[in-house]
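Below is one structure, written out as structure tokens; the observations come after it.
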Amino acid sequence: MNFISRVTEILFSPKQAWVAIREESTDVTTLYTQYIMILALIPAVSTFIAMSLIGFSVLGQMVRISLLSGIVNMAIGYVVWLLMIYVIALLADLLAPTFNAQKNPMNALKLIAYSSTPSLLGGLFVLVPILSSLLALAASLYSVYLLFQGIPVMMDVAREKALPYTAVLTIGSIVAAALIGLASSLFA
């Protein structure tokens, strides 16, 4: 798997990408080291740059957090992304029988990893404060669309069950993100 080719393929040709992804033989370590860990650096490093180097506005005042706090925040954000992808993949696999889908932990991880691509790339948008919320929302919605497109292929589920499966997984992802975010804030 070529990293740049896969990112381009999943973003611009998702239907063909999902078929290729399903057929690929990989393992958790390879998927993490050659794809997930690289992409998860984007929101972590972008947030560090935005908060510690550029700064952000609070009540009209420009504020920067210290470099040490920024590095700690970056490390926590990075680990949170890595953990969250794994937790949501476990949830996708756990929910599979509910939607008459095939339980397959590796396919679930591939589904979540690759459908998260726009959200992870969207981490760059934190560097554009005026548009960051709107652009991050658009990236997240595209991730949900990729999830919807990938579920029938990766989890072997009937097309009519893809929408409810996507909805439940999206809600579960939001809850997981809130819980992981809350837990990580205790360390920040």
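The values are calculated or read from the model by the stated rules, or taken from the named source; none is laboratory data. Worth saying up front: this structure is predicted, and the values here are computed from it rather than measured. Quick reminder, even Gly has a Cβ in these numbers, built from the backbone with ideal geometry, and neighbours come from all protein chains shown. Ligands, DNA and RNA are stripped out before the accessible areas are found, and what is left, the full protein with its side chains, is counted by its heavy atoms. Shrake-Rupley method; radii C 1.70, N 1.55, O 1.52, S 1.80 Å.
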- Query: Between rounded, prolate and oblate, where does segment 91-151 land on the alpha carbon gyration tensor, with a ≥ b ≥ c its root eigenvalues, rounded for a/c under 1.5, else prolate if a/b exceeds b/c?
  - Reply: prolate
- Item | Average accessible surface area per residue within the chain, 1.4 Å rolling probe, Å² | 53 Å²
- Query: Which angle from 0 to 90°, rounded to the nearest 10, does the C-alpha axis of helix 3-12 make with the longest principal axis of the chain?
  - Reply: 70 degrees
- Message: Using only the heavy atoms of the protein chains and a 1.4 Å probe, how would Leu135, Leu95, Leu141 rank by accessible area, largest first?
- Response: Leu141, Leu135, Leu95
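Loop-only trypsin sites (Lys or Arg not before Pro) in segment 2-103, please: DSSP not H, G, I, E or B, and at most 15 other Cβ atoms within 10 Å.
Answer by residue number: Arg64, Lys103.
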- Task: Over segment 77-188, with every protein chain in place, what whole percent of the accessible area is carbon and sulfur at 1.4 Å, could you tell me?
- Result: 77 percent
- Message: Could you work out [θ]222 nm for the chain from helices alone, using -39500 (n - 2.57) per DSSP H run of at least four and dividing by all its residues? Round to the nearest 500 deg cm²/dmol.
- Response: -22500 deg cm²/dmol
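Need one word for segment 1-50: rounded, prolate or oblate. Basis is the Cα gyration tensor (sqrt eigenvalues a ≥ b ≥ c); a/c below 1.5 gives rounded, then a/b vs b/c decides. Walk me through the intermediate numbers first.
On the way: a/c = 3.37, a/b = 1.61, b/c = 2.09.
It comes out oblate by the Cα gyration axes.
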